[in-house]
Amino acid sequence: MINLVRNEMLKLLRKKRLYVIILIIAFLVPLFTYAQFKEIQDQREKMGNQDWRTTLQQEITDTQNRLSSSRIQDEWRKFLKIRLSQQQYYLENDIDPRAPGAPTFMRIFVENSIDLLLPLLVMVIVADLVSSESSGGTIKLLLTRPVKRWRILLSKYLAMLLSISFIVLSVAVLSYGISGVVFGYGGWNMPLLTGFTVSGDELLTENVHIVPQWQYILMEFGLVWYVCMIVGTLTFMLSVLLRSTAAVMGIMLASLIAGAILANMVSSWESAKYFFMVNLNLTNYVSGMATPIEGMSLGFSMSVLAVWGIAGFIIAFVTFSKRDIY
Amino acid sequence: MKAVLKKYTLTVVSIVSIAATVLWLFGLGWTLQDQFSTNKKVSQFKEKTDSTSTEKQDGTLTIFALGDSLTRGTGDADGKGYTGYLTERLKEKTDQDINLLNTAIKGETSRGLLKQLQQSEIQRQAKQADVIVMTIGGNDLFQQGAALENLDNNAINGKKQIYLSNVKKIYTQLRELNPDAVIYHVGLYNPFSNMPDSKTTSSIVRDWNFQSAETAAGFNNIVYVPTFDLFQLQVENYLYTDQFHPNTEGYKLIAERVASLIKFEQEENES
């Protein structure tokens, strides 16, 4: 088994996809670092070199003023209200949620890339894992070996798991390493609040507790990895079902982007919450943001994703072992 | 050689990946444990709180603005409001850096302001201030321009009593937080002074202003700044299209008046 996985890993490395992905990340991170840096600078210019409390208070008052305007969408009002109470809570506990530093950048970067960027990168690796063997014809060679089919597929799946871990790790390392040049490498012990529960447009704070930033980041990366695994599994299934890599990519791309769009407009269509792509934003539950659809929670989203993932896994294995190869 | 390198890379990547998998699984497990177990409390994180600087910064003049939409600047094309123009004016007069903290909220009533003043951050900013400017009462009296259609004396008197007792508490609170800064409470004008009922409305506003000024007089260093006269004639030229908030010109008038008072204060200090 180990040799099979090793073989698959070798194939993956030969394709140089992992390097491409690392390159993409290494190119994007400086871009975002610069954007973030500009924002901080801009804020400093506007507000003077002020205490973060003053800045945060100013933001709170601005939000309050927006809320008091009557021409504001209900959706947006809910979002603002929740953010407002959260900021207030941070202020009361004397915690600056945005103290600049490489760990903070990492956190913000990963929170923003969990629903689209990272799944896309995963897709690039996984999409042709099986389909390329079918379209290239190498699948016949692979299956003539005296190894059970499910073991071959499992070795591919394990190789996928390893490379996803690798991608997530390189996101962590690169975003920390590169942004640290600008923001400094400190800030791992900064306290952050988690455990907010959103109910309607109220923010419940009874379970809120403080965790150091390193734990917070580790938790978020765990969730990111989970999301990537689910997206990976679904792509894997499509890769088994379809021969054309382009079709796999197209379907995954369409559903991921549809998810990003849907999340902004499904609030009144309740059953949309059973789609896997509206549930990708798991980190929002840790940081306490408003959910796209009422009644979603971390447990709910993780279960929905798990169901999709398991279904994808089963379909992939059943089809692969039963299919006629010719 | 190349093959050896390949093999080496493969081993490294595999080992790193396995380690990463363990790490992420651990993170995921921790999330579950952390998010689904209850009854944790925000632990004693308060220790560090007192490092907060409540000292006044030397060399900068901190203006702390609070109140309602007038202080916020509703109706001004540039969104600055009188606080913005006030800062501009003062900048011309002094070399000091001016730091404006505006915590005004549109539609704020005296009750809301009193509540806002209980927030620790607002209190901290109030302590830092060298000058405090505020507007309050407009929403108590007019309720967004609607209430004055009902000119019933009793109803207005009732509102006035509530307002006055709130304002007294606000003054007391501000004085407790910051005994030194001069407080400029910008008074009300009558936005309806070109309407048919202007005689009645004006007398209500005048009385309101008088009572407020009387309350202010009970405290040290609280200046009730009149604006009634500024808007008395030609009110239509100084109002925004909502016929309630001042426009840019109106805000400039208010700013000028407050600015002249602040300047006087500083000259006296210097001599």
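The values are calculated or read from the model by the stated rules, or taken from the named source; none is laboratory data. None of these values were measured; they are calculated from a predicted model. Cβ placement follows ideal geometry from the backbone for every residue including glycine, while neighbour counts extend to all protein chains displayed. All accessible areas refer to the heavy atoms of the entire protein, side chains included, with ligands and DNA or RNA removed. Shrake-Rupley method; radii C 1.70, N 1.55, O 1.52, S 1.80 Å.
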Next on the checklist: Using only DSSP helix segments of four residues or longer, with each worth -39500 (n - 2.57), what per-residue ellipticity at 222 nm results for the protein assembly as shown after dividing by its residue count and rounding to 500?
Outcome noted: -21000 deg cm²/dmol
Item to check | Within the stretch B:57-270: Cβ-based charge dipole about Cα centre, in debye rounded to nearest 20 (Lys, Arg +1; Asp, Glu -1) | outcome: 640 debye
Checklist outcome for this item: Once both label points are put 7 Å beyond Cα along the C-beta direction, the B:V16-A:S199 separation in nm becomes 4.6 nm
Item to check | Under 5 Å, built H, 5+ apart or other chain: amide partners of B:V223 | outcome: B:I183, B:Y184, B:H185
Checklist entry - With +1 on each Lys and Arg Cβ and -1 on each Asp and Glu Cβ, how big is the dipole of the stretch A:1-59 about its Cα centre, in debye rounded to the nearest 20? => result 680 debye
Checklist entry - Can you give the Kirkwood hydrodynamic radius of the stretch B:57-270 from its Cα pairs, in Å with one decimal? => result 17.3 Å
Checklist outcome for this item: One would report the antiparallel percent of DSSP beta bridges in the protein assembly as shown, rounded to the nearest 5, as 30 percent
Checklist outcome for this item: For chain A, whose charge dipole is built from +1 on Lys and Arg Cβ atoms and -1 on Asp and Glu Cβ atoms, the candidate among A:V211, A:L91, A:L12 with its Cα farthest towards the positive end is A:L12
Next on the checklist: Given a 1.4 angstrom probe, what's the average accessible area per residue across the protein assembly as shown, in square angstrom?
Outcome noted: 46 Å²
Checklist entry - Once you sort the root eigenvalues of the Cα gyration tensor of chain A as a ≥ b ≥ c, which label holds: rounded (a/c under 1.5), prolate (a/b larger than b/c) or oblate (the other case)? => result prolate
Checklist entry - What is the helix-to-structure angle for A:213-241, meaning the angle in degrees between its Cα long axis and the longest Cα principal axis of chain A, kept from 0 to 90 and rounded to the nearest 10? => result 30 degrees
Checklist outcome for this item: Against the 2.2 N^0.38 Å rule of thumb, the C-alpha Rg of the protein assembly as shown sits at a ratio of 1.25
Checklist entry - Put +1 on the Cβ of every Lys and Arg and -1 on every Asp and Glu Cβ in the stretch B:57-270; which of B:N221, B:N166, B:V131 then has its Cα farthest towards the positive end of the dipole? => result B:N166
Item to check | Karplus-derived HN-Hα couplings along the stretch B:221-228 (A = 6.51, B = -1.76, C = 1.60, θ = phi - 60°), whole Hz, x at Gly and Pro | outcome: 6, 10, 10, 8, 8, x, 10, 3
Next on the checklist: Give me, ordered by chain and number, the residues 5 or more places off B:N99 or on other chains with an amide H under 5 Å from its own placed amide H.
Outcome noted: B:L61, B:T62, B:I63
Checklist outcome for this item: Non-local residues with an amide H under 5 Å from the amide H of B:A104, with H modelled 1.01 Å from N and Pro and chain starts lacking one, are B:G67
Item to check | Förster-model FRET efficiency, 41 Å R0, A:S69 and A:A99, C-beta, rounded to 0.05 | outcome: 0.85
Next on the checklist: As an exercise, use a Förster radius of 22 Å and the Cβ-Cβ distance of B:W30 and A:V181 to find the FRET efficiency, rounded to the nearest 0.05.
Outcome noted: 0.15
Checklist entry - How big is the charge dipole of the protein assembly as shown about its Cα centre, in debye rounded to the nearest 20, if each Lys and Arg gets +1 on its Cβ and each Asp and Glu gets -1 on its Cβ? => result 4100 debye
Checklist entry - Roughly to the nearest percent, how much of the accessible area of the stretch B:57-270 is carbon and sulfur, given a 1.4 Å probe? => result 46 percent
Checklist outcome for this item: The pairs in A:K140/B:K7; B:K91/B:K169; A:K46/B:K169 lying past 29 Å Cα-Cα in this model are B:K91/B:K169; A:K46/B:K169
Checklist entry - Against the longest alpha carbon principal axis of chain A, how many degrees, from 0 to 90 and to the nearest 10, is the axis of helix A:298-322 turned? => result 10 degrees
Checklist entry - How big is D, in µm² s⁻¹, for the stretch B:178-266 by Stokes-Einstein at 10 °C and 1.306 mPa s if Rh is the Kirkwood radius over C-alpha pairs? => result 114 µm²/s
